[in-house]
Amino acid sequence: MAPTSCSLCRDAKAILKRPKTGQQICKDCFFFVFETEVHHTITEAQLFKSGDRVAIGASGGKDSTVLAYVMKTLNDRYNYGLELFLLSIDEGITGYRDDSLETVKRNQQQYDMPLKILSYDELYGWTMDAIVEQIGKKNNCTFCGVFRRQALDRGANSLKVDHIVTGHNADDIAETVLMNIMRGDIARLGRCTSICTQGEDTIKRSKPFKYAYEKEIVMYAYFKKLDYFSTECIYSPDAYRGHARTFLKDLEAARPSAIIDIIHSGEAFEVKEEIKAAQKAQQTCKRCGYMSSNDFCKACTLLEGLERGMASSVITDRARKKMDAMGPTPENLRTIPLFRSTPTITVEMPSQS
Ligand code: SF4
Ligand code: ZN
Ligand code: ZN
């Protein structure tokens, strides 16, 4: 049988079937359409302006490695005028994050970008290994997610960046839409498809891969021979998300456009004004200065739970009450440094070797 020619350039031999559209195309056309779609996502949402300092949340995994490569490519090709940084969070997971950070350090050399690594240990005095030792493998992702969010903002703050971009892809967002529907979390459902989020006093965050399929990101990394780390975290990921993921993969197998369709459905939801109004106003945490909808931010509450040896009971909304019932906060409690107190820039520059 004669080889199929690329359905886009009609010239080269088609060597892959595009997961998003089913088109048979050549490698160069695949690179071009993938990059151009991300460029359109960026320009349509007007994510950046010339001169912005942008941190790429880098874990060494496929999504953030491809994001760093594509951001650099598009910044050069279309003269975005951005100053790009790599920002990594070291959760302190032996045998996982220590190895993946080695990949980020190589990416720093390969892409010639400054890198900042901020660890849970230096910020909170706890590694995920130590947290799991205290609480076991249940709810560990709740601690990790809350701590990572704040660590990214603090790392970005010390780099004095205007914007953080993360490698969340279309599959991640469609899963989140499904999870919010299944949980009936209407307030989050209303926000979860936004490409860009910025609360008062927070650094802008966005997802340039909002419409990029996970399978295409893997394919891009594979054909570009990018250096990334593919091992899963040794601590069990969120089981509930796992159900949404399996369901989404089944839907995708039956109809590839299901992923984009779910995102579009999420975007089209109108959240009632009274639900929006019921959301608590943002204030700053009385202990660490980070934004919070309560007197103390989630990270401070979780950290206090760890310090007081009652972490497993502080993941609910009534955490503060439970802790107060145990007696006053001990004086010698380790706390998180004050947010925005002394912004400094400490980055490792790529060596000239
Ligand atoms: Fe953290 Fe859970 Fe992700 Fe592991 S799977 S890095 S514990 S959020
Ligand atoms: Zn082609
Ligand atoms: Zn706090």
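The values are calculated or read from the model by the stated rules, or taken from the named source; none is laboratory data. Values in this document were obtained by computation on a predicted structure and should not be read as measured data. Cβ: placed from backbone, ideal geometry, glycine included. Neighbour counts: every protein chain shown.
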*Looking only at the stretch 113-127, decide whether some residue is modelled with pLDDT of 95 or more, closer than 30 Å to E252 by Cβ and away from ligand 3 (no atom under 16 Å from the Cβ).*
no
_Take E83 and tell me if it is among the acidic types (D, E), touching a strand residue (DSSP E or B) at 6+ places or on another chain (Cβ under 7 Å) and more than 16 Å from ligand 2 (Cβ to nearest atom)._
yes
*Taking only pairs six or more apart or across chains, which ones have beta-carbon atoms under 6 Å, a first residue in the stretch 117-139 that is free of Cβ contacts under 8 Å to residues at least 12 places away in the same chain and over 17 Å from I234 (Cβ atoms), and a second residue that is of a type in the set (G, A, S) and within 16 Å of ligand 3 (Cβ to nearest atom)?*
none
*Looking only at the stretch 104-125, which residues are buried (at least 22 other Cβ atoms within 10 Å of the Cβ) and within 15 Å of ligand 1 (Cβ to nearest atom)?*
V104, Y120, Y124
*Do we have A253 as within 30 Å of K49 (Cα to Cα) and away from ligand 2 (no atom under 16 Å from the Cβ) here?*
no
*Would you list the helices (runs of 4 or more DSSP H) that sit entirely within the stretch 126-228 and hold 3 or more residues that are within 16 Å of ligand 2 (Cβ to nearest atom) and more than 22 Å from F247 (Cβ to Cβ)?*
214-223
*Mind telling me which of the residues V177, V146, V165, V132 ends up being surrounded by 17 or more Cβ atoms within 10 Å (Cβ to Cβ) and under 21 Å from T284 (Cβ atoms)?*
V146
*So, of the residues in the stretch 60-90 that are of a type outside the set (A, V, I, L, M) and buried (at least 22 other Cβ atoms within 10 Å of the Cβ), which turns out to be nearest to A212 (Cα to Cα)?*
D63
_Residue among D63, D99 that alone is out of contact with any strand residue (DSSP E or B) (no Cβ under 8 Å at 6 or more places or on another chain) and either farther than 20 Å from H163 by Cα or part of a strand (DSSP E or B) (or both)_ = D99
*Among all residue pairs at least 6 apart or on different chains, which show Cβ distances below 9 Å where the first residue, located in the stretch 84-106, is at pLDDT below 95 and of a type in the set (K, R) and the second is within 16 Å of ligand 1 (Cβ to nearest atom) and assigned to a helix (DSSP H, G or I)?*
R97/M128
